[in-house]
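Enquirer: Pasting a structure here, questions to come.
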Amino acid sequence: MPGKNISKAAPLSREEVALREELRDDVQHLAGEIGERNMWRYQQLNAAADFIENSFSRAGLHPRRDSYELHGRVCHNIEVEIPGTRPDVVLIGAHYDSVLGSPGANDNGSGVAALLALARRFTGKTTQHTLRFVAFVNEEPPYFLSGQMGSFVYASRCKGRGDRIDAMISLETIGYFSDALHSQTYPAPGLGVLYPTVGNFIGFVANLHSRALLRRVIGLFREHAKIPSEGAGLPAFIPGVSWSDQWSFWQHGYSGIMITDTAPFRYPHYHSSTDTPDKLDYDRFTLVVSGMEKVIADLAQGLKL
Ligand SMILES: [Zn+2]
């Protein structure tokens, strides 16, 4: 729907223009070429895993498959690690499956494209914190909020090994913005009084346990980013707060936050066959990712909560 979502974003720098084209290409590959990818489209699910693995490799990173079996079929989380001077980890994650019946451009081609672009930008850099970039399988229903989610399996293995993960950042549906009045709704009455009713911002969401991390990330994001942001540390029972891979890390005692355009409360194509690459606002999506690049760089230089 060209023209309906005209971007009023701040102008992009030369680096951001290059970033925008990477994001556009990767969303197109995942949602336009591979399309729907989940356990019912198992071949496509594996094509997405291969694409992510190859993208990491081409960047000079060494991907590892963290695999498990579900319904007699092997599924893969794909991770890369960029070692820091300390073992403590800042982990960036995004799920790469799409919900049944949807090509998943925004949910969550956007998160995966951002994950890949961010990993490329930290390749070869030395930070204090160790960075991990992980693409998770099986986030969507019927695995959603269960022990069968890729991120749940992954987080429980981290816990078992005693991995010290100081922060988990879940990139979940981050590419849709609107300047229309009342384009933003909320899961609980009252939040619409506190927060904007125009869906032109990026949201940061945490449970109460992760509020310190949330405050730190939003503070850093606002120092650098050229797009409005809103944050909420809310009880996890409020609908939407726990709706992605950060939940799996909360279940294992780790702090985690989600970055999201608030999909179900804004995006008209949420979980639909029309969640296609043309619906995204690539300029503002780029400003989210370039802002997060600076947040991660700062966090990795020493996470003080
Ligand atoms: Zn999602």
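The values are calculated or read from the model by the stated rules, or taken from the named source; none is laboratory data. Predicted model only: the values in this text are computed from it and were never measured. Note that we place each Cβ from the backbone using ideal geometry, even for glycine, and neighbour counts take in every protein chain shown.
Enquirer: Checking residue 67 against (1) in contact (Cβ under 8 Å) with a residue 12 or more places away in the chain; (2) in contact with a His (Cβ under 9 Å, 6 or more places away or on another chain), only one condition comes out false. Which one?
Expert: Among (1) in contact (Cβ under 8 Å) with a residue 12 or more places away in the chain; (2) in contact with a His (Cβ under 9 Å, 6 or more places away or on another chain), residue 67 violates only (1).
Enquirer: Any idea which of 117, 135 is at pLDDT 95 or above, farther than 21 Å from residue 248 by Cα and of a type outside the set (Lys, Arg)?
Expert: Working: 135 fails: farther than 21 Å from residue 248 by Cα.
Among 117, 135, only 117 is at pLDDT 95 or above, farther than 21 Å from residue 248 by Cα and of a type outside the set (Lys, Arg).
Enquirer: If I ask for residues that are closer than 21 Å to residue 182 by Cβ and either in a loop (DSSP other than H, G, I, E, B) or within 16 Å of the ligand (Cβ to nearest atom) (or both), which ones from the range 217-246 would you list?
Expert: Within the range 217-246, 227, 228, 238, 239, 240 meet the criteria.
Enquirer: Could you say which residue among 285, 265, 249 is among the aromatic types (Phe, Trp, Tyr), within 26 Å of residue 16 (Cα to Cα) and within 16 Å of the ligand (Cβ to nearest atom)? Don't jump to the end; show me each part of the working.
Expert: Working: 265 fails: within 26 Å of residue 16 (Cα to Cα); 249 fails: within 26 Å of residue 16 (Cα to Cα).
Just a single option satisfies the conditions, and that option is 285.
Enquirer: Taking the residues in the range 85-100 that are of a type outside the set (A, V, I, L, M, F, W, C) and in contact with a helix residue (DSSP H, G or I) (Cβ under 8 Å, 6 or more places away or on another chain) as candidates, determine which candidate is nearest to the ligand (Cβ to nearest atom).
Expert: Taking the range 85-100 first, the residues of a type outside the set (A, V, I, L, M, F, W, C) are 85-88, 93, 95-98.
In the following step, the residues that additionally are in contact with a helix residue (DSSP H, G or I) (Cβ under 8 Å, 6 or more places away or on another chain) were identified as 93, 95-98.
Values: 93: 11, 95: 6, 96: 10, 97: 8, 98: 8 Å.
The selected residue is 95.
Enquirer: So, one more: In the range 33-70, how many are more than 23 Å from residue 277 (Cα to Cα) and either acidic (Asp, Glu) or assigned to a strand (DSSP E or B) (or both)?
Expert: So the count comes out to 7.
Enquirer: Only residues in the range 29-40 that are within 17 Å of residue 77 (Cα to Cα) count as the first member; pair them with residues that are modelled with pLDDT under 95 and buried (at least 18 other Cβ atoms within 10 Å of the Cβ), Cβ under 6 angstrom, at least 6 apart or cross-chain, and list the lot.
Expert: That search, which allows pairs on different chains as well, returns nothing.
Enquirer: Taking residue 249, is it of a type in the set (Phe, Trp, Tyr) and more than 29 Å from residue 157 (Cβ to Cβ)? Step through it out loud before you land on a result.
Expert: On the way: of a type in the set (Phe, Trp, Tyr): yes; more than 29 Å from residue 157 (Cβ to Cβ): no.
The answer is no for residue 249.
Enquirer: Continuing with this model, one more query. Return the total of residues in the range 268-303 being without any contact (Cβ under 8 Å) to a residue 24 or more places away in the chain and buried (at least 19 other Cβ atoms within 10 Å of the Cβ).
Expert: 0
Enquirer: Among the numbered criteria (1) surrounded by 22 or more Cβ atoms within 10 Å (Cβ to Cβ); (2) in a loop (DSSP other than H, G, I, E, B); (3) within 16 Å of the ligand (Cβ to nearest atom), which single criterion is violated by residue 187?
Expert: (1)
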